[in-house]
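K.L.:
Take a look at this one; I'll ask things after.
No lab work stands behind these numbers, since they all come straight from the coordinates. Here the structure is a predicted model, which is why all the values come from computation and not from measurement. Counting neighbours? That spans all protein chains shown, and the Cβs are built from the backbone with ideal geometry, glycine included.
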Amino acid sequence: MRRWAWALAAGAWLGAGGVEARPLRVMALDQCADQYVLALRPDAELALSPRADDPDAWLRAAAAGRRQVRPTLEAAIAFRPDVVVRYWGGEPRLLARLEATGVRVATIEDANDFNGVRTDIRAVAQALGVPGRGEALAARMDATLRSAAPDVAAPDRSALYLTAGGFTAGKGTLVDAILRAAGYSNAATGPFFAPVSVERIALFPPARFVLGFFDQARGDWRGPGRHPVVQRAARGRVAARLPAAALTCPAWFAADAAAMLKAGA
């Protein structure tokens, strides 16, 4: 009997076709998607992820009081979204059902530079029916990047990005693009993300550190980045401490991280 009732509920959602007059319903499947829908369609009926108002969410204040649901098939059937936005979130059953039933899904792709972020902004804005808002958000990001750009006469500066967990970010990452936008060369010589040993930092300390995710007091609290040897090496060499909220998602606020880096310098 329960299975029959479940089938009826699913059929009602799938067959509704969005014909009744109601506000656009948008479901975000993860914290990164939350940021995009809050910025681009705050006027829609939103179903945000359970992490929408966590301390590491850029628009956590805007998420206050909003509906939060788990990113499951059951939640989608109950909410009946018109558009679903995701970065990494969504269980296989949900994604398969959305694809099979023609619900519009906007996927935020990984971006390793600001051109990639612009592409993501425009793609999600198009899916949400507000391309003009997407252009405005991209323009705001570009204005922030201009303000973060170094003076023409600024000397070359090298910095090592380091997380509390002991990782750095080299070429091919958005962090590298943030460093370059603020006028820094990346001290990480390898590509992508890689661990940095305490021993290496002790023997070959970089000229400057850019610290990321250290504001999460309980995150990696025993990680290599918090080791006393690393703390001593970083003393007087920290160019900036970038909050987790500016780094957790390939989004426009990566430009704000660059501005923070310039301000810290």
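K.L.:
Which whole-number percent is the relative contact order of the chain (Cα, under 8 Å, 6+ apart)?
P.N.:
Relative CO of the chain lands at 17 percent.
K.L.:
Further, regarding this structure: How large is the Kirkwood hydrodynamic radius of the stretch 20-144, counting all unique pairs of alpha carbons, in Å?
P.N.:
Across the stretch 20-144, the inverse of the average 1/r is 14.6 Å.
K.L.:
On to the next question. For the chain, give the magnitude of the charge dipole about the Cα centre (Cβ charges: +1 Lys/Arg, -1 Asp/Glu; no others), in debye to the nearest 20.
P.N.:
480
K.L.:
A follow-up question, please. Order 161-170, 195-204 from most to least packed using the mean count of other Cβ atoms within 10 Å.
P.N.:
161-170, 195-204
K.L.:
Sum -39500 (n - 2.57) across every DSSP H segment of at least 4 residues in the chain, then divide by the residue count to get the 222 nm mean residue ellipticity, nearest 500.
P.N.:
Using -39500 (n - 2.57) per qualifying helix, the result is -12000 deg cm²/dmol.
K.L.:
Considering only Ala64, Ala75, Ala139, give the residue with the highest GNM mean-square fluctuation for the chain, with springs between Cα atoms whenever their separation is below 10 Å.
P.N.:
Checking each option, the largest mean-square fluctuation is seen for Ala64.
K.L.:
Here is a follow-up. Write out the trypsin sites (Lys or Arg not before Pro) in the stretch 202-265 meeting two conditions: DSSP loop, and at most 10 other Cβ atoms within 10 Å of their Cβ.
P.N.:
Those that pass, being in a loop and sparsely packed, are Arg218, Arg222, Arg235.
K.L.:
Let me ask something else about it. Tell me the Rg and the Dmax, in Å, that the Cα atoms of the stretch 61-204 produce.
P.N.:
In Å, with Rg to one decimal and Dmax whole: 19.8, 58.
K.L.:
So, one more: Alpha carbon centre of the stretch 94-164 versus the stretch 236-253: separation in Å?
P.N.:
Cα centres, the stretch 94-164 to the stretch 236-253: 15 Å.
K.L.:
Another question, if that's okay. Just how large is the dipole of the stretch 201-265 about the Cα centre, in debye to the nearest 20, putting +1 at every Lys and Arg Cβ and -1 at every Asp and Glu Cβ?
P.N.:
Charge dipole of the stretch 201-265: 300 debye, to the nearest 20.
K.L.:
Taking the dipole about the Cα centre of the chain, with the C-beta of Lys and Arg at +1 and of Asp and Glu at -1, give me whichever of Ile201, Thr189, Val175 is farthest to the positive side.
P.N.:
It is Ile201, whose Cα lies furthest towards the positive end.
K.L.:
With a 10 Å cut-off between alpha carbons and a GNM built on the chain, which of Gln35, Gln216, Gln68 moves the most?
P.N.:
In this elastic network of the chain, the residue with the biggest mean-square fluctuation among Gln35, Gln216, Gln68 is Gln216.
K.L.:
A follow-up question, please. How big is the charge dipole of the stretch 152-264 about its Cα centre, in debye rounded to the nearest 20, if each Lys and Arg gets +1 on its Cβ and each Asp and Glu gets -1 on its Cβ?
P.N.:
280
K.L.:
Calculate I(q)/I(0) for the stretch 57-99 by the Debye formula, one identical point scatterer on each C-alpha and no solvent, and give its log10 at q = 0.27, 0.29 Å⁻¹ to two decimals.
P.N.:
Evaluating at q = 0.27, 0.29 Å⁻¹ gives log10 I(q)/I(0) of -1.07, -1.14.
K.L.:
In the stretch 121-265, if every C-alpha pair distance is counted and binned at 5 Å from zero, what percent goes to each bin?
P.N.:
2, 10, 18, 21, 18, 13, 9, 5, 3, 1, 0
K.L.:
I've got another one for you. Please work out the Cα convex hull volume for the chain and give it in Å³ per residue.
P.N.:
With only Cα atoms used, the chain gives 142 Å³ per residue.
K.L.:
Provide the percentage of antiparallel DSSP beta bridges, counting only those with both residues in the chain; round to the nearest 5.
P.N.:
If we restrict to bridges inside the chain, about 10 percent are antiparallel.
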